[in-house]
Amino acid sequence: MPFTNPSPDDICKLLRESHTVAVIGLSPNPARPSFQVARALQQFGHRIIPVRPLVREVLGEPAYADLESVPFPVDIVDVFRAAEHVPAIVDSCIRLGIRKLWLQDSVVHEEAALRAQQAGITVVMDRCMLRDHRQLCADV
């Protein structure tokens with residue numbers, strides 16, 4: 001069975017229910033898309049949790065080397081990493097009980113996304129969280 005994203009209504013609901021966003025690969029460089037998306041999500045009221053080794057802080061939030069190092073629950077994981085890293089990220093989400101996973105534009109790993117879905121994780125793949133937030137949840 002091929003992977004399919006949730007419906008637009010379900011994506012909006014997911015965004016409305018996700019307050020703490022762990023951004024894997026969040027760059028401290030303001031010119032990078034990950035920084036721009038995270039900053040905008042922060043302005044929408046989401047708490048951004050940077051997940052990136054060798055970085056101490058991004059957008060005023062302490063950074064963590066990996067998902068396992070985050071000392072509190074996150075609502076959703078937003079991935080700005082190459083597709084080859086997605087299977088390990090899915091493993092972490094399953095292990096940690098994280099129920100929502102977002103793979104940004106051009107991050108596509110169908111096998112890992114299907115495995116995540118089979119584990120009960122809602123997966124959005126190859127879409128921009130910020131663009132969907134603006135287009136699908138304009139009133140949020």
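The values are calculated or read from the model by the stated rules, or taken from the named source; none is laboratory data. Keep in mind it's a predicted model, so treat the numbers as computed, not measured. When we count neighbours, we look across all protein chains shown, and the Cβ atoms used for this are built from the backbone with ideal geometry, even at glycine.
Each row is one residue, and each column tells you yes or no for (1) touching a helix residue (DSSP H, G or I) at 6+ places or on another chain (Cβ under 7 Å); (2) modelled with pLDDT of 95 or more; (3) within 13 Å of residue 129 (Cα to Cα).
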{"residue": "1", "(1), (2), (3)": "no, no, no"}
{"residue": "7", "(1), (2), (3)": "no, yes, no"}
{"residue": "21", "(1), (2), (3)": "yes, yes, yes"}
{"residue": "35", "(1), (2), (3)": "no, yes, yes"}
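Could we say that residue 39 is over 24 Å from residue 13 (Cα atoms) and not in a strand (DSSP E or B) here? Steps first, answer last, please.
On the way: over 24 Å from residue 13 (Cα atoms): no; not in a strand (DSSP E or B): yes.
No; evaluated as a whole, the condition is false for this residue.
I'm told residue 91 meets every condition in (1) at negative phi; (2) in contact (Cβ under 8 Å) with a residue 12 or more places away in the chain except one. Can you identify the failing condition by its number?
Condition (2) is where residue 91 drops out.
Take residues that are within 25 Å of residue 39 (Cβ to Cβ), polar (S, T, N, Q) and under 13 Å from the mean Cα position of the chain (by Cα) and tell me which of the strands (runs of 3 or more DSSP E) falling wholly in region 52-140 contain 1 or more. Give the derivation first.
Numbers: elements: 76-79, 100-103, 122-125.
Because the criterion is at least 1 residues that are within 25 Å of residue 39 (Cβ to Cβ), polar (S, T, N, Q) and under 13 Å from the mean Cα position of the chain (by Cα), the strands (runs of 3 or more DSSP E) in region 52-140 that meet it are 122-125.
So residue 40 fits all but one of (1) buried (at least 18 other Cβ atoms within 10 Å of the Cβ); (2) touching a helix residue (DSSP H, G or I) at 6+ places or on another chain (Cβ under 7 Å); (3) under 15 Å from residue 128 (Cβ atoms); (4) in contact (Cβ under 8 Å) with a residue 60 or more places away in the chain; what number is the exception?
(1)
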